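Working notes for the structure below.
The values are calculated or read from the model by the stated rules, or taken from the named source; none is laboratory data. If you're wondering where the values come from, they're calculated on a predicted model, not measured in any experiment. For neighbour counting, all protein chains shown are included, and Cβ atoms are generated from backbone atoms with ideal geometry for every residue, glycine included.
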Amino acid sequence: MITSLESKRFYGPAHLATSASSLFTGAAGKTALVHEILLHNSGSAAATYTLHLVPSGGTAGASNRIFHGSLDVDETLLISLGGGGLVLSEGDSLQGLASAADSIVATIHGAEVS
């Protein structure tokens, strides 16, 4: 039974690192619903991004990669996740990386349900 639904920004705006790192982790006793991921290339050259949905206790890898692409300089991409959104249970994490430092800025919005 849902007792609380809180809209929130889970991450950013901040640059993705050049190695896979956690953007946010599902909180204890809550379910996170990611509704939008906004990516923007603020760098001086085209850059790639990769996002992973990593189960609790896991590591980022090919089996949990959910988005991968390239953005030109000043290009912005809005990934809108319909339905209930991307679901993260307690301990699951959304991890990301970029091909170049200080290039891809990410912002992630959604809701937490408890």
Considering only residues that are surrounded by fewer than 13 Cβ atoms within 10 Å (Cβ to Cβ) and either hydroxyl-bearing (Ser, Thr, Tyr) or touching a helix residue (DSSP H, G or I) at 6+ places or on another chain (Cβ under 6 Å) (or both), look in segment 74-113 and name the one that is farthest from Pro13 (Cα to Cα). Ser89
Scanning segment 50-65 for residues that are within 12 Å of Leu97 (Cα to Cα) and under 12 Å from the mean Cα position of the chain (by Cα), which turns out surrounded by the fewest Cβ atoms within 10 Å (Cβ to Cβ)? Arg65
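Go through segment 33-65 and report how many residues are assigned to a strand (DSSP E or B) and either among the aliphatic types (A, V, I, L, M) or over 15 Å from Ala14 (Cβ atoms) (or both). Can you show your working first?
Initial filter on segment 33-65 (assigned to a strand (DSSP E or B)): 33-41, 47-54, 65.
The next check asks that each one be either among the aliphatic types (A, V, I, L, M) or over 15 Å from Ala14 (Cβ atoms) (or both); those that pass are 33-39, 47-48, 50-54, 65.
Qualifying residue count for the region: 15.
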Which one is modelled with the lowest pLDDT among residues in segment 9-36 that are closer than 14 Å to Leu88 by Cβ and β-branched (Val, Ile, Thr)? Thr31
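What are the residues in segment 1-21 that are hydrophobic (A, V, I, L, M, F, W, C), touching a residue at least 12 places away in the same chain (Cβ under 8 Å) and in a loop (DSSP other than H, G, I, E, B), if any? So that I can check it myself, show each step before the final result.
We begin by selecting, within segment 1-21, every residue hydrophobic (A, V, I, L, M, F, W, C); these are 1-2, 5, 10, 14, 16-17, 20.
Within this subset, residues satisfying the condition of being touching a residue at least 12 places away in the same chain (Cβ under 8 Å) are 2, 5, 10, 14, 16-17, 20.
Matches in segment 1-21: Ile2, Leu16, Ala17, Ala20.
Please state which one of Ala45, Ala32 is out of contact with any Gly (no Cβ under 6 Å at 6 or more places or on another chain) and small (Gly, Ala, Ser). Before the answer, list the steps.
On the way: Ala32 fails: out of contact with any Gly (no Cβ under 6 Å at 6 or more places or on another chain).
Selected residue: Ala45, the only one of Ala45, Ala32 that is out of contact with any Gly (no Cβ under 6 Å at 6 or more places or on another chain) and small (Gly, Ala, Ser).
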Which residue pairs have Cβ atoms under 9 Å apart, sit 6 or more places apart or on different chains, and have a first residue in segment 99-114 that is in a strand (DSSP E or B) and a second that is of a type in the set (Asp, Glu)? Thr107/Glu36; Ile108/Glu36; His109/Glu36; Gly110/Glu36; Ala111/Glu6; Glu112/Glu6; Val113/Glu6
Which condition breaks for Ala27 when tested against (1) assigned to a strand (DSSP E or B); (2) surrounded by fewer than 17 Cβ atoms within 10 Å (Cβ to Cβ)? (1)
